[in-house]
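Reviewing the structure listed below.
The values are calculated or read from the model by the stated rules, or taken from the named source; none is laboratory data. Keep in mind the model is a prediction, meaning the values are calculated, not measured. Please note: Cβ atoms are built from the backbone with ideal geometry, for glycine as well, and neighbour counts cover all protein chains shown.
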Amino acid sequence: MKRTDINIRDPYVLVHGGRYYLYGTRGETCWGPASGFDVYVSGDLEEWSGPHEVFRNDGSFWADRNYWAPEVHLYRGAFYMFASFKRDGLRRGTAILRSDSPMGPFRPHSGGCVTPAEWECLDGTLYLSPEGTPYMVFCHEWVQAGDGEICAMRLTDDLRAPAGEPWLLFRASEASWCKVMRHSSGVEGCVTDGPFFWRTENGTLLCLWASFSQGGYTEAVAVSDNGGITGRFTQAEPLFMDDGGHGMVFRALDGQLYLTLHSPNEHLLERPHFHPIEEKNGTLIRKN
């Protein structure tokens with residue numbers, strides 16, 4: 001199948017063993033009851049096989065809706081999926097699953113959500129410090145916080161649980177272009193979605209994230225002032241402001257850097273896109 005045949009949100013590419021593994025939120029079930037996640041596999045970013053189901057709720061898993069934003073990270077010889085889930089009566093949060101293969105099956109690894117139980121959270125990602133210390137960086141959702149937040153929290157080395165209290169990296173409104181949104185509940189505020197970290201060749205630490213601008217869904221970049229997760233983050237020029245976002249960066253097998261994101265941000269029309277990018281002066285620039 002072609003890229004244009006794949007209806008997913010929140011695309012995430014794992015490059016492993018000479019193949020590309022593309023994960024994402026199922027477009028059809030993203031806003032309601034859901035049961036699993038898939039992977040698509042390619043050798044060239046053009047032709048894809050799939051969907052191959054990598055996680056399925058057999059009835060024993062705690063969440064039954066809003067299966068969002070699966071990311072798969074290779075860590076200490078195993079594959080860990082960070083994904084967000086929801087169930088009536090429980091706040092949305094990010095849990096961690098584990099597999100011995102990027103093809104799954106992934107099985108629950110953390111004891112439920114790792115994010116704070118009293119917070120509405122989503123889009124947890126794994127960040128490893130230069131020393132190998134694991135952190136989860138996630139969104140404290142705007143529907144509760146008002147001004148959406150990107151927060152960080154130390155994890156235990158086995159990725160099963162938090163190992164410290166969360167702290168704030170930045171808020172959505174710190175981006176001058178950020179548009180105030182209105183939720184169906186009546187809440188107004190600024191959105192934070194999809195944090196992802198990339199360290200440039202000169203050591204600059206970038207946090208990609210998504211929100212809304214006048215152009216629609218937007219892929220943004222924040223820059224740490226000390227090259228680490230404890231730094232002060234300032235907002236750089238967005239990477240994409242034409243109704244696409246929740247992106248990440250990967251290096252292709254030929255060495256080319258790509259930004260992948262979904263666009264348009266419209267139910268059932270979302271498709272993964274791959275934009276060539278390059279590093280310049282410690283930030284990322286789109287080549288087209």
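Considering only residues that are under 22 Å from GLY27 (Cβ atoms) and either touching a Leu at 6+ places or on another chain (Cβ under 8 Å) or buried (at least 22 other Cβ atoms within 10 Å of the Cβ) (or both), which ones fall in region 66-85?
TYR67, TRP68, ALA69, PRO70, GLU71, VAL72, MET81, PHE82, ALA83, SER84, PHE85
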Region 181-214 - residue that is among the hydrophobic types (A, V, I, L, M, F, W, C) and modelled with pLDDT under 95 and, of those, surrounded by the fewest Cβ atoms within 10 Å (Cβ to Cβ) = VAL187
List every residue pair whose Cβ atoms lie under 6 Å apart, where the two residues are 6 or more positions apart in sequence or sit on different chains, the first residue falls within region 51-78 and is in contact (Cβ under 8 Å) with a residue 24 or more places away in the chain and closer than 21 Å to VAL249 by Cα, and the second residue, located anywhere, is in a strand (DSSP E or B) and β-branched (Val, Ile, Thr).
-> TRP68/THR25; ALA69/THR25; GLU71/THR125
Qualifying position, being more than 23 Å from ASP193 (Cα to Cα) and over 15 Å from the mean Cα position of the chain (by Cα), among PRO102, PRO33 = PRO102
